[in-house]
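**Student:** Encoded as structure tokens, here's the structure I'll be asking about.
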Amino acid sequence: MTTKRMPPFRLMSASLKLCKWLGLWHEVNLSSPCWQTVFIMCSILFWFILPGCLYITRGEKTLRDLLKSILEVFAMSVIVSRLMVHMFNRKKLQACFVDLREAISTFENYPHENVQRILRHLLKSADYLVKIYVSIVFIQASVYGVVPAVLTTYQYCTSDEIIRLPSAVMDADYILFDHTTSYWIWMLVTIVSLIVEYLMLGSVSAQECLFWNLLHHTSCLFKMVCLEIARLDQYTDPNQFRERLACIVPIHEVCFKCARCLENVLNPLLALWYCTCIVQTCYLLFAISMIDDIVVIASMMFVLQYTVFLIFSFSMLGAELMEESARVSEAVYNTHWYMRKATESRLLLFIMMRTNRPVGIRAAKFFFVNRSTFADAMKTAFSYFTIMQRFYGEK
């Protein structure tokens, strides 16, 4: 007689679906990149970055005119680097997801209300995060790309004079043609640029939601382990105690395994994001002090607030991961571990010793990412801006 196997816990369904559409997730061929990711990277490189670099280097333009284009090329290069890191680490991330899903599935039929409350929270928050965040990013992208195109089209259709066509989405020089000489060429380039922009932002949004969900689910798994350790004293039967402890120890190991995997994948990305946030904050403040074009400043602010929010979110999740893992040690300490058998006490003390080591995500293995490091990054950016402004004023 065969027993019917229960399906695993439904974990991050909306996030995985979005990643599959954009080539960031695939169950087969884990060692080879998906064609969607390669296509998006090539589109950004050849449609945005290279024409943007040519716009910066060709012709005689002042620094004031190039401030926006330099920031855009820098931001696009960071996005391509992020997709490359994800492409090389996709196998690790999917293995981390499988371990996390199997560990959380063991709690699905638990009768305890606080555990079920965490599971319901995970189901709702994972889907809401993707839907709300992606919608906000696409609305902001429309303000950055669609709104200027609509205003230019309206001005072209209603004005009797010849208007000067702006660059399509971002400043670029396509060499083979000048897309600002004809309205129809400009419109075609704008449409293609908007498609590439939405593909690019969809990819990075899917990547961010995946990382956020994996970190938050790992923290919640630590929290459920902590709750189960706190209940160990309720088991007066030694057999029940040993069975429950035998289930907790491997789940706690999965928590550490997933945290280490996410830390290894996010190491270079967090270092890149922190450096990018400092550079872009300092650069934008410097640009605002030089130019008075509200449209240009607003477009640059869109890039900056996106980067600042990114490292802020990872700082909060890194702090949550550190706090929840540390609570496991407190839960073990508060149990009557000293009244148990030697083998059982050793297992509990082993859990305590393991949780005494800091668990979190680090930027290039230099520092753990938390709230204080986010504040330090903002202070560093403002300090560099003050130095740049003073140096430029002396010039």
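The values are calculated or read from the model by the stated rules, or taken from the named source; none is laboratory data. Just so it is clear, the structure is predicted and the values come from calculations on it, not from any experiment. Here Cβ is always computed from backbone atoms with ideal geometry, including for glycine, and neighbour counts include all displayed protein chains. Just so you know, the surface numbers come from the protein's heavy atoms only, side chains and all, with ligands and any DNA or RNA stripped out. Shrake-Rupley method; radii C 1.70, N 1.55, O 1.52, S 1.80 Å.
**Student:** Plugging the Kirkwood radius over Cα pairs into Stokes-Einstein for the stretch 85-159, at a temperature of 4 °C and a viscosity of 1.567 mPa s, what D comes out in µm²/s?
**Tutor:** The Stokes-Einstein estimate is 78 µm²/s.
**Student:** Work out how much length E243 to L66 would gain on full extension: take 0.36 nm times their residue separation and subtract the Cα-Cα distance, in nm to one decimal.
**Tutor:** Between E243 and L66, full extension yields 57.1 nm more.
**Student:** Going highest first, how would you order 351-361, 175-185 by mean Cβ packing within 10 Å?
**Tutor:** 351-361, 175-185
**Student:** Here is a follow-up. Using heavy-atom solvent-accessible surface (probe 1.4 Å) with all chains present, what is the largest-first order of L188, L11?
**Tutor:** Largest accessible area first, the list is L188, L11.
**Student:** With viscosity set to 1.306 mPa s at 10 °C, what whole-number translational diffusion coefficient in µm²/s follows for the stretch 31-92 from Stokes-Einstein and a Kirkwood radius over Cα pairs?
**Tutor:** Roughly 123 µm²/s, to the nearest whole number.
**Student:** Same structure again: Label points 7 Å out from Cα along the Cβ direction at K379 and K341: separation in nm?
**Tutor:** It is 5.3 nm.
**Student:** Distances longer than 28 Å among the Cα atoms of the stretch 35-176: what percent of all pairs is that?
**Tutor:** Considering the stretch 35-176, 46 percent of its Cα-Cα pairs are separated by more than 28 Å.
**Student:** Could I ask something else about it? How big is the equivalent ellipsoid of the stretch 146-226 along its three axes, where each semi-axis is √(5λ) from the Cα gyration tensor, reported in whole Å from largest to smallest?
**Tutor:** 44, 14, 8
**Student:** Another one. Please list, or write none, the aspartates and glutamates whose alpha carbon is within less than 14 Å of the alpha carbon of K365, excluding same-chain residues fewer than 8 places away.
**Tutor:** E263
**Student:** Could the peptides 362-373, 24-35, 220-231 be put in order, highest first, of the mean number of other beta-carbon atoms found within 10 Å of their residues?
**Tutor:** Packing order, densest peptide first, comes out as 220-231, 362-373, 24-35.
**Student:** Over the Cα atoms of the stretch 101-241, each weighted equally, I'd like the Debye log10 I(q)/I(0) at q = 0.10, 0.12, 0.21 Å⁻¹, rounded to two decimals.
**Tutor:** The computed values of log10 I(q)/I(0) come out as -0.57, -0.67, -1.20.
**Student:** Report, please, the projected area of the chain averaged over directions, based on the convex hull of its C-alpha atoms, in nm².
**Tutor:** Answer in nm², one decimal: 25.4.
**Student:** While we're looking at this one, here's another question. Taking the Kirkwood radius as the inverse of the mean 1/r across Cα pairs, report the Rg/Rh of the stretch 207-258.
**Tutor:** With Rg and the Kirkwood Rh in hand, the quotient comes to 1.13.
**Student:** Starting from 0.36 nm per residue, how many nanometres of slack lie between N109 and I139 once their C-alpha separation is accounted for?
**Tutor:** Length gained, N109 through I139: 6.8 nm.
**Student:** Determine the calculated [θ] at 222 nm for the chain from helices alone, applying -39500 (n - 2.57) to every DSSP H run no shorter than 4 residues and normalising by the residue count; nearest 500 deg cm²/dmol.
**Tutor:** Theoretical 222 nm ellipticity from helices: -26500 deg cm²/dmol.
**Student:** Can I ask one more? Can you list the lysines whose alpha carbon is less than 19 Å from that of K91, not counting same-chain residues fewer than 8 positions off?
**Tutor:** Candidates past the 8-residue exclusion: K17, K20, K257.
**Student:** Calculate, in whole percent, how much of the Cα-Cα pair population of the stretch 316-391 lies beyond 21 Å.
**Tutor:** Roughly 50 percent, rounded to a whole number.
**Student:** Could you please state how large a percent of the accessible area of the chain is carbon and sulfur, counting protein chains only and using a 1.4 Å probe?
**Tutor:** Carbon and sulfur together cover 65 percent of it.
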